[in-house]
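Participant: Encoded as structure tokens, here's the structure I'll be asking about.
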Amino acid sequence: MHSSPELVFVYGTLKRGHGNHHWLLDAPFLGEAVLPDVVLHDLGPFPMAVPGEGVVRGEVYGVDAAGLARLDRLEGYPRLYDRRPLPLADGRHAWVYLGRPHQVRHVSAIADGCWLGPAPGAAVRRSQMGLAVVLALGGAALLAAALPPAALAFDTLSTCNAWRGSHGSARVLLGNSLGAALYLTKKQRLQESPADAPVALYSDSDLQRVCGR
């Protein structure tokens, strides 16, 4: 027997027309909805909702257990995001991925609670502090899924600053983004680096050179 699908409320890159919507292609769309008692913050590449006095506007999907497990991995649950069952304004209850107030203390709130996507040319500059929080909390896989490599590197200074202060997978992903955007020579023959097991495609010495050490 198949269990009933779980309702999931999404408000960022999983929405229709955004970069991670393909994760929900097999999940039925169950309409738009409003989530009360939360505030949406703009991290640039993606948003983060936290409990507060506001509303968030998003979409509802029916997701099976395997699909929910995949979303948990994408969202970095439970380290980056928490997942809670919350009441929607229309009376339904749905799972929602929420951040924590300290994660968004340096980034702006979205007044109407509706995230429209990263602003071209401004996402990294606007979210430099938020990006550092995301990487520190293990959100490298989510960041890689949300943006193509070149999108992280259109602001070289901000990306270099983030790369210099990062470690592990986050450093590899940011280094690969810089290398691709600046057309550095790859040290590996791989065409791309898997998001779930990132491989450094460019040498540290080349990256230090372009970032001014």
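Participant: Can you pull out every residue in the range 90-107 that is within 15 Å of the chain's Cα centre (by Cα) and either at positive phi or among the basic types (Lys, Arg) (or both)?
Facilitator: 100
Participant: Separate question: Hey, can you tell me all the residues within the range 154-172 that are crowded, with 18+ Cβ neighbours inside 10 Å and either closer than 17 Å to residue 208 by Cβ or among the basic types (Lys, Arg) (or both)?
Facilitator: Within the range 154-172, 158, 159, 160, 162, 163, 166, 170, 171, 172 meet the criteria.
Participant: If you go through the range 1-12 one residue at a time, how many are within 15 Å of the chain's Cα centre (by Cα) and part of a strand (DSSP E or B)?
Facilitator: 1
Participant: Here's a follow-up. Name the single residue, out of those in the range 13-51 being in a strand (DSSP E or B) and at positive phi, that is most open to solvent (accessible area, probe 1.4 Å).
Facilitator: Ranking the candidates gives 37 first.
Participant: Determine which single condition residue 87 fails, assuming it passes every other condition in (1) under 19 Å from the mean Cα position of the chain (by Cα); (2) surrounded by fewer than 18 Cβ atoms within 10 Å (Cβ to Cβ); (3) not aliphatic (A, V, I, L, M).
Facilitator: Exception for residue 87: condition (1).
Participant: Something else now. Within the range 92-102, is even one residue open to solvent by 60 Å² or more (accessible area, probe 1.4 Å), in contact with a Gly (Cβ under 9 Å, 6 or more places away or on another chain) and at pLDDT below 95?
Facilitator: Within the range 92-102 (the criterion being open to solvent by 60 Å² or more (accessible area, probe 1.4 Å), in contact with a Gly (Cβ under 9 Å, 6 or more places away or on another chain) and at pLDDT below 95), the answer is yes, since at least one residue qualifies.
Participant: Still on this model: Only residues in the range 77-106 that are more than 13 Å from residue 40 (Cα to Cα) count as the first member; pair them with residues that are open to solvent by 60 Å² or more (accessible area, probe 1.4 Å) and assigned to a loop (DSSP other than H, G, I, E, B), Cβ under 6 angstrom, at least 6 apart or cross-chain, and list the lot.
Facilitator: So the pair list comes out as 83/77.
Participant: Out of the residues in the range 60-73 that are crowded, with 19+ Cβ neighbours inside 10 Å and not β-branched (Val, Ile, Thr), state the one that is modelled with the lowest pLDDT.
Facilitator: 71
The values are calculated or read from the model by the stated rules, or taken from the named source; none is laboratory data. These figures come from a predicted structure and were not determined experimentally. Here the Cβ is made from the backbone with ideal geometry for all residues, glycine too, and neighbour counts use every protein chain on show. Heads up: the accessible areas ignore ligands, DNA and RNA and are worked out on the full protein's heavy atoms, side chains in. Shrake-Rupley method; radii C 1.70, N 1.55, O 1.52, S 1.80 Å.
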